Every structure is written in C-alpha cells, then in structure tokens.
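Values quoted throughout were computed directly from the atomic coordinates according to the rules given, and no laboratory measurement underlies them. What you are looking at is a predicted structure, and each value in this text was computed from that prediction instead of being measured. Heads up, the Cβs are rebuilt from the backbone with ideal geometry, glycines too, and the neighbour counts pull from every protein chain shown.
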Amino acid sequence: MSALTVYHLNVSQSERIPWLCEELAISYELKTYKRAPNFAPPEYKALHPSGSAPIIQDGDLTLAESGACMEYIANRYAGGALFLPPTHPAYAQFIYWWHWANGTFQHLLNLALFLSQSGVAHDNPPLGVDEGEDRQRAEYARRAPERE
Ligand SMILES: N[C@@H](CCC(=O)N[C@@H](CS)C(=O)NCC(=O)O)C(=O)O
C-alpha cells in the first residue's frame, strides 16, 4: 500500500492531484467521492477542517489546498520536479503564474461558474467577468516572449 493517499472529489479541481501524481510517476492510493449532490459529502468534509477538495494524506499529515498539495508532493516525492528553483532565470515568472492560477484566475472561473448556474447574464456589467478575463489574456500574451 502507498504512503500517499489522494482524496478526490469527482468533477472538481482535485483532478489536479492524481494528474500530478501520474505525471511524476508517483505511486499513490486514490479514494474517490461523489458530490452529494453539489457539494462534497459529509464523509469528505470530515477529512480536513477546510472540507474542500483536494485533500491528501501522508502518514499523520492531512493536507488541503491544491497548491499546497502539489508543492508538497513535488518536493517530498519527486525532488522538486516541475518546480523551478530560485536560481532559475524564470523563477519570478514561474511563481507569479503559479500563484496567479489559484489566487486570481480560479476565483474568476468560480465566479463565472456560479453566475452561469444562478442565471445571471454573462455580460452583466457590474460583474466584469469578461473584462477581467480579457485583461489577463492580454497580459499573458504580452509576457509570452519572457517564458521562452
Ligand atoms: N482554494 C482551494 C479551493 C478548493 C475548492 O473550492 N474545492 C471545491 C471543488 S472545485 C470543493 O471542495 N467543493 C465542494 C464543497 O465545497 O463542498 C484549493 O485550491 O484547494
């Protein structure tokens, strides 16, 4: 049996964790949970105080937050593979986009998802979802040469 357990909630951003483990060829035990009906079921919520997916377990450690789980796995199980060290010329760019994904982009995606599910028009001006996405897309394109 593997030391690392990945608690995966179906159709959620915890998809990232088994994907990462496969990418790094790490052995792990996968436990899957179905939504009940929209949110995580009570037995999933009981795993960690955050109650949010993903959650991993490694011995006595139970960890949530997808970014923390990914950094933990890459550093503990794969010698930091897929992460750039501070000495790398693209280090600052790397950590910017790494944190931007969860710190900014994920919230925009969640907002768009919740709004579309609640029936609010996608072009509702006060929400500015399209505008925010366009700005980020333009910034991403502008910085493309720096990533090469
Ligand atoms: N910032 C957290 C967000 C986690 C999150 O919101 N997960 C959602 C799935 S995408 C969740 O647990 N939803 C079910 C629930 O809240 O019961 C992370 O990156 O892990």
Q. Which residue fluctuates the most in the chain, going by a Gaussian network model with Cα springs under 10 Å, if the choices are 103, 119, 79?
A. 119
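For the residues 52, 2, 14, what sequence is obtained by ranking on other C-beta atoms within 10 Å, fewest first? Spell out each step's value before the answer.
Details: 52 19, 2 12, 14 25.
Sorted ascending by nearby Cβ count, the order is 2, 52, 14.
Expressed as a fraction of 2.2 N^0.38 Å, the rule-of-thumb size for a compact globular protein of N residues, what is the C-alpha radius of gyration of the chain?
Numbers: Rg = 17.6 Å, N = 148, 2.2 N^0.38 = 14.7 Å.
That ratio works out to 1.20.
Relative contact order for the chain using alpha-carbon pairs under 8 Å, separation at least 6, rounded to a whole percent?
Computed value for the chain: 17 percent relative contact order.
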Q | Counting DSSP beta bridges with both ends in the chain, the antiparallel % (nearest 5) | A | 60 percent
Q) Fewest first, what order do 56, 95, 17, 26 take by the number of other Cβ atoms within 10 Å? A) 95, 26, 17, 56
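Which whole-number percent is the relative contact order of segment 14-81 (Cα, under 8 Å, 6+ apart)?
Working: 64 pairs, mean separation 19.9, N = 68.
Computed value for segment 14-81: 29 percent relative contact order.
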Q) Pick from 38, 110, 102: which is most flexible by mean-square fluctuation in a GNM of the chain where alpha carbon atoms under 10 Å apart are linked? A) 38
Q) Using a Förster distance of 25 Å, how high is the FRET efficiency between residue 24 and residue 60, based on the Cβ-Cβ distance and rounded to 0.05? A) 0.65
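Take the Cα atoms of segment 4-78, build their convex hull, and give its volume per residue in Å³.
Numbers: hull volume 5.8 nm³, N = 75.
Enclosed volume per residue, from the Cα hull, is 77 Å³.
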Q: Would you look at the GNM of the chain, springs on alpha carbons closer than 10 Å, and say which of 84, 109, 20 moves the most?
A: 109
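Assigning unit charges at the beta carbon (Lys, Arg +1; Asp, Glu -1) and nothing else, what dipole magnitude in debye, to the nearest 20, does the chain show about its Cα centre? Spell out each step's value before the answer.
Numbers: 11 positive and 17 negative charges, 32 e Å.
For this selection, approximately 160 debye.
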(Q) Along the Cα→Cβ direction, 7 angstrom out, place labels at residue 100 and residue 118. What is the inter-label distance in nm? (A) 2.7 nm
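Mind running the shape call on segment 45-106? Use the C-alpha gyration tensor, a ≥ b ≥ c as the square roots of the eigenvalues: rounded below 1.5 for a/c, prolate if a/b tops b/c, oblate otherwise.
Numbers: a/c = 4.11, a/b = 1.53, b/c = 2.68.
Oblate.
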Q) For the residue pair residue 93 and residue 81, what label-to-label distance in nm results when each label sits 7 Å from Cα along the Cα-to-beta-carbon direction? A) 2.4 nm
